[in-house]
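**Q** A single structure is presented below for examination.
Derivation of every value follows stated rules applied to the coordinates shown; laboratory data play no part. The structure displayed is predicted, hence computed values, not measured ones. Positions of Cβ are generated from backbone atoms using ideal geometry, with glycine treated the same way; all protein chains shown enter the neighbour counts.
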Amino acid sequence: MIRETYDVSGMSCSACSARVEKAVGKILGAENVSVNLLTNSMQLSRPENISVEEIIATVEKSGYGAKLKSKKSPRQNISEEIREMKIRLGGSIAFLILQMTLGMSNPTLEILCAIPIAILNRKFFIAGFRNLFQLAPNMDSLIALGSTAAIIGRDFHAASMILTLITLGKFLESRAKGKTSEALKKLINLVPQKATLLIGGIEKQIPIDKVKIGDEIIVKPGERIPVDGKISFGETTIDESSITGESIPVEKSIGDSVTSATLNQSGAIRFIAQRVGEDTTIQKIIALVDKASSSKAPIARLADKIAGIFVPCVILIALIAFGIWLYLGESIEFASEIAISILVVSCPCALGLATPVAIMVGTGKGAENGILIKSGESLENSAQIDTIVLDKTGTITQGKPQVTDVISIGDSKKFMEIAASIESSSEHPLAKSVVEFANLKKFLPVENFKAIFGRGVECSIDNRKFIAGNEKFMIDRGIDLSRIRDDLEKISNDGKTPMIFARGKNLIGMIAVADVEKKSSIAALQNFRDMGIETVMLTGDNEKTARAIANRVGIENVRAGVLPSEKSAEIEKLQSNQKVVAMCGDGVNDAPALIRADVGLAIGAGSDIAIESADAVLIRNDLRDAVGAIELSRAVLKNIRQNLFWAFFYNLICIPIAAGIFYPAFGLKLTPMISAAAMSFSSVTVVLNALRLRFFKFHREKLTDNDSQHTIATIREIESIDENFEEDVSMKKTLKIEGMMCQHCQKHVHDALSKMNGVSSVEVSLEKNSAEVEMDHEISNEEFAQVIEDAGYQLVG
């Protein structure tokens, strides 16, 4: 299926959009047809055997115009509409004033002033009667009928007033509608129009749409990044608030990624373009927000159904009222005025605008704050969430291991220097976390490094043997762990991974590493509880680790050991209990669950597949934005309900009053002029109410720690009992050896001594005919003599 968006012209109320949607929806194969009155657009999916021309012809047959969506910005489209309305309104007011000042006493002048007002607003007559003759009357039909009836009744002033007031209302409505797309305009304005390329050492400015993948681009301080890429030269700080909403600048250097539309602040950089054109981050965000703004929410279906029969019903009510008042003995002028008032006061526009204006403002507000909601349906579903399922790794936690505890025998600084030097030679992710934590400028020289798979490593530093690894590795090597036994048990229960270090046979310390929870996640989970939303952790990790993290962040419902293929089934189980379930994740393995959930929320730092599968994207890697998305959705849905209530309430009250229901008892009725003013006011009220969402405040919990993404490790020193960590706890002997003649002899002696139990290091000197031996425990001279003799040499001292 091909998903397309069309620009639709000629629509003036919800009856128009309902007619277009119904007509196109009848085309065999066309699916998901959605017509938006606010943006004058239509979205649909069509098979390849249905052509664009067939779609356009169907719309035109319905009495409207259509074409594939243009690349004009919303600001251009709305500006053209406002400009045209200004001309119409200005001319109408000028002739109306002239009519009121001079024409009231001169019937000829009154008619001459009414004619240009009717010509300026001929759109109402052309579209109104065309749709009426096609048996699909709309708002224009009501205005055309009301104005024509006034003209036929020779009340030219009433006709002029109706057309001018309706045009005034439409102008104010257009101005207000223009403000609903402010967020989209801001995003479009962020896109630089040119980029500076470096070609053969020469700078050259080219239009942004000419940039290609692999081009080297120069960005100076104060300029915006034109496309996505990776820095090849220089370092700087970049303000990414336009994309993430985060106000703190981010430091960038060679190898770091840069994002289109972000602001380079401090240094000149060069970077290689990696994503250009429609593939850049900013263009994807613009497309997503534009698409969401044009979509419909399920709640709009009721309004659409009513809009389809609203105008015919109003015309029928006007005719019935006209007949009744004539039957009751009133004059034809009185009955006509009643009918005209009914036609003019009814407002199908408010019904059509109630949902789309709120969705446009709401999705725009979300985009400004790093929350991209993909459709009106997603937005409505988000407001009804009562259960949220959270992936553990990368969603609740940092997604990478960090040092959480350091326990050293003696000086912790000396211990960390040794530990980081050992781990600097390892490629293991846990080793990298130790190196990053130590933050050393220079490491101790490590020799004879050897990794033992699944157990640990061994090496030499300054001719002393060191080992590092898990508990089983230490026990196998005869290391006494009694001094840290309680700490080991606690670390294990907390879901952390212990890394134990020893020199020779002596324990020197332990480092605990874990993928720790973000502080922002703890705040977000508390927000979910306050909102009455149940939280569930879903992870492939083991039960012990998952439970430890869940206990710390306050999650009671934990599903651990879940395979990627099983995550979707877990979501389905929750949904079977009549729950509206959201899934929040960031990995490729989360994609099926994101699709299965009622609302899929993808952390923006996650995989492209997860983002494509989700209903909303959180650009910041911050779970508090999931809270914000739900809060915003609830506010938008509340606003839509207010708008729909007003649209229904207005028509339910005003139409009976216009029909003269209170005239016999109270002498109360509406004149056509008052009816026109009320109708205009109704539409504007709905738009203004939706604009209140621009001032929506996200209640993000402030973190107590300035660094919200890092955990401060606990460091504890255990005092030595019978040895001092600072001093050499091992014993040394110098052995005098006879019979060594060459380097092969030197190696034979070194290998023989190194294999002895208790020997931690050996250094053999051919020149001095000696061997320096370091031992973990006392070894007798007789044992050394026997080993050296077995190797073919002689111990002499």
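**Q** Can you tell me which of 458-468, 24-34 comes out highest on packing, and rank the rest after it, using the mean Cβ neighbours within 10 Å? Working shown, then result.
**A** Details: 458-468: 18.7, 24-34: 15.2.
Listed from highest to lowest mean packing, they are 458-468, 24-34.
**Q** To continue, here is another question. Which length gain, in nm to one decimal place, applies between PHE129 and SER232 when the Cα-Cα distance is subtracted from 0.36 nm times their residue separation?
**A** The PHE129-SER232 span can extend by a further 30.6 nm.
**Q** Going down the list LYS450/LYS519; LYS185/LYS220; LYS204/LYS230; LYS220/LYS291; LYS567/LYS638; LYS212/LYS519, which pairs span over 29 Å between their C-alpha atoms?
**A** Beyond 29 Å: LYS450/LYS519; LYS220/LYS291; LYS567/LYS638; LYS212/LYS519.
**Q** Next up: Please tell me the relative contact order of the chain in percent, rounded to the nearest whole number, where contacts are Cα pairs under 8 Å and at least six residues apart.
**A** Answer for the chain is 13 percent.
**Q** Evaluate Rg over Rh across region 12-118, taking Cα atoms for both radii and Kirkwood's formula for Rh.
**A** 1.20
**Q** Using the Kirkwood formula over every pair of different C-alpha atoms, what hydrodynamic radius in Å results for region 632-681?
**A** Kirkwood hydrodynamic radius for region 632-681: 12.5 Å.
**Q** Kindly express, to the nearest 10 degrees and within the range 0 to 90, the angle between helix 156-180's C-alpha long axis and the longest C-alpha principal axis of the chain.
**A** Compared with the principal axis, the helix lies near 0 degrees.
**Q** Please give the calculated 222 nm ellipticity per residue for the chain, where each DSSP H segment of at least 4 residues contributes -39500 (n - 2.57) and the sum is spread over every residue; nearest 500 deg cm²/dmol?
**A** Value at 222 nm, helices only: -15000 deg cm²/dmol.
**Q** Also: Given q = 0.08, 0.16, 0.18, 0.22 Å⁻¹, what are the Debye log10 I(q)/I(0) values for region 489-624, with equal point scatterers placed on the Cα positions and solvent ignored?
**A** Log10 of I(q)/I(0), two decimals: -0.26, -0.87, -1.07, -1.47.
**Q** Kindly provide log₁₀ I(q)/I(0) values, in the same order as q = 0.18, 0.19 Å⁻¹, from the Debye equation applied to equal alpha-carbon scatterers of region 306-370.
**A** -0.71, -0.75
**Q** Okay, next question. How fast does region 77-159 diffuse by Stokes-Einstein, in µm²/s, taking the Kirkwood radius from C-alpha pairs at 20 °C and 1.002 mPa s?
**A** The Stokes-Einstein estimate is 158 µm²/s.
**Q** How would you order 146-157, 112-123, 471-482 from highest to lowest mean count of nearby Cβ atoms within 10 Å?
**A** Going from most to least packed, we get 146-157, 112-123, 471-482.
**Q** With a 10 Å radius around each residue's Cβ, average the other Cβ atoms per peptide and rank 128-135, 619-626, 656-663, 167-174, highest first.
**A** The peptides rank, most packed first, as 619-626, 167-174, 656-663, 128-135.
**Q** Next question, about the same structure. Expressed as an acute angle from 0 to 90° and rounded to the nearest 10, what is the orientation of the C-alpha long axis of helix 300-327 relative to the principal long axis of the chain?
**A** 10 degrees
**Q** Also: Among DSSP beta bridges whose residues both lie in the chain, state the antiparallel percentage, nearest 5.
**A** Among the beta bridges of the chain, antiparallel pairing accounts for roughly 80 percent.
**Q** Less than 17 Å from a label point 7 Å out along the Cα-to-Cβ axis of GLU717: which backbone N atoms in region 427-448 qualify, by residue?
**A** none
**Q** Working only with C-alpha atoms, what are the Rg and Dmax values of region 277-330, expressed in angstrom?
**A** Reported Rg and Dmax, both Å: 22.8, 71.
**Q** With the radius of gyration and the Kirkwood radius both derived from the Cα set of region 334-477, what is their ratio Rg to Rh?
**A** 1.49
**Q** Quick one: give the max-minus-min coordinate of the C-alpha atoms of region 348-396 along each principal axis, largest first, in Å.
**A** 49, 24, 12
**Q** Okay, moving on. In Å, what Kirkwood hydrodynamic radius results for region 183-301 from the alpha-carbon pair distances?
**A** So the Kirkwood estimate lands at 14.9 Å.
**Q** Mind jotting down the three principal axis lengths of region 404-483 based on Cα atoms? Whole angstrom, largest first.
**A** The principal-axis extents, from largest down, are 34, 27, 26 Å.
**Q** Let me ask something else. Gain in length, ALA785 to LEU319, computed as 0.36 nm per residue apart minus the alpha-carbon separation, to one decimal in nm? Don't jump to the answer; show the numbers that get you there.
**A** Numbers: separation 466, 0.36 × 466 = 167.76 nm, distance 12.47 nm.
The span from ALA785 to LEU319 would gain 155.3 nm if fully extended.
**Q** Using only Cα atoms, find the angle between the long axis of helix 107-120 and the longest principal axis of the chain, and express it within 0 to 90 degrees, rounded to the nearest 10.
**A** Taking Cα atoms only, the helix is inclined about 30 degrees.
**Q** Which links in LYS400/LYS747; LYS170/LYS365; LYS305/LYS579 stretch past 32 Å when you go from one Cα to the other?
**A** LYS400/LYS747
**Q** Additional query: Taking just the alpha carbons, could you work out the radius of gyration and Dmax for region 130-202, both in angstroms?
**A** 23.8, 79
**Q** Additional query: Of the listed values (i) 114, 62, 47; (ii) 140, 64, 50; (iii) 116, 72, 56, grab the one calculated as Cα extents along the principal axes in Å from the structure here.
**A** (ii)
**Q** Output wanted: per-residue J couplings in Hz (rounded whole) for region 785-796, from phi through Karplus 6.51 cos²θ - 1.76 cosθ + 1.60, θ = phi - 60°, x for Gly and Pro.
**A** In residue order, the calculated couplings are 4, 5, 5, 5, 5, 4, 7, x, 10, 9, 7, 10 Hz.
**Q** Can you work out D for region 282-407 in µm² s⁻¹ from Stokes-Einstein, where Rh is the Kirkwood radius over C-alpha pairs, the temperature is 4 °C and the viscosity is 1.567 mPa s?
**A** Details: Rh = 19.3 Å.
Once the numbers are plugged in, D ends up at 67 µm²/s.
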